[in-house]
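The values are calculated or read from the model by the stated rules, or taken from the named source; none is laboratory data. The structure displayed is predicted, hence computed values, not measured ones. Methodologically, a virtual Cβ is constructed for each residue, glycine included, from the backbone with ideal geometry; neighbour enumeration extends over all protein chains shown. These area figures cover heavy atoms from the full protein model, side chains too; ligands, DNA and RNA do not enter into them. Shrake-Rupley method; radii C 1.70, N 1.55, O 1.52, S 1.80 Å.
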Amino acid sequence: MPLLRFDLVEGRSEETLKKLLDSAHHAMVEAFQVPESDRYQIVHQHPPHELMIEDTGLGFKRSRDLVVISIVSKKRTVKQKETLYSLLAHKLESDCGISSQDLMVSITENSDADWSFGRGEAQFLTGSL
């Protein structure tokens, strides 16, 4: 936890995807101080016509390298979120060659009762985590 979902234009190699996921995970560990083994990532690849991500009037030049990251997480501070946005932009550009203009991030917060990691239990509530 957190859970990251990546929406991408299809066609990236397995090696490229691994680098992207590793870079995002390192940013998450640093910004949210989650354990290194706390890694939940899902990739969804789409034909280009299935992703319509405009620039909201900010002048961004989007490309086929577009990465949309949707994060579900327990509550985080504004500073942690801003740090994560900055680290993701930096790491994806330096590690993967993805322009910061091609990165969109959305965070949805929830609480301890909203997580079950298996066995039909809410581990945050039972004290297992």
For residues that are open to solvent by 40 Å² or more (accessible area, probe 1.4 Å) and more than 18 Å from the chain's Cα centre (by Cα), tally how many sit in the stretch 104-119. 7
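Filter the stretch 72-103 down to the residues that are in a strand (DSSP E or B) and crowded, with 17+ Cβ neighbours inside 10 Å and list them by number. Give the steps one after another, and end with the answer.
Step one: filter the stretch 72-103 for residues in a strand (DSSP E or B), giving 72-74, 103.
The answer is Val72, Ser73, Leu103.
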Answer yes if at least one residue in the stretch 7-14 is more than 12 Å from the chain's Cα centre (by Cα) and surrounded by 16 or more Cβ atoms within 10 Å (Cβ to Cβ), and no otherwise. yes
Filter result for Tyr40 (closer than 15 Å to Met1 by Cα and at pLDDT 95 or above): yes
Need the failing condition index for Glu36 against (1) among the acidic types (Asp, Glu); (2) in a helix (DSSP H, G or I); (3) open to solvent by 80 Å² or more (accessible area, probe 1.4 Å), just the number. (2)
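Please specify each residue of the stretch 15-27 satisfying the condition of being touching a residue at least 40 places away in the same chain (Cβ under 8 Å) and either within 15 Å of the chain's Cα centre (by Cα) or open to solvent by less than 10 Å² (accessible area, probe 1.4 Å) (or both). First the steps, then the outcome.
Here is the first cut: in the stretch 15-27, the residues touching a residue at least 40 places away in the same chain (Cβ under 8 Å) are 16, 19-20, 22-24, 26-27.
Selection gives Lys19, Leu20, Asp22, Ser23, Ala24, His26, Ala27.
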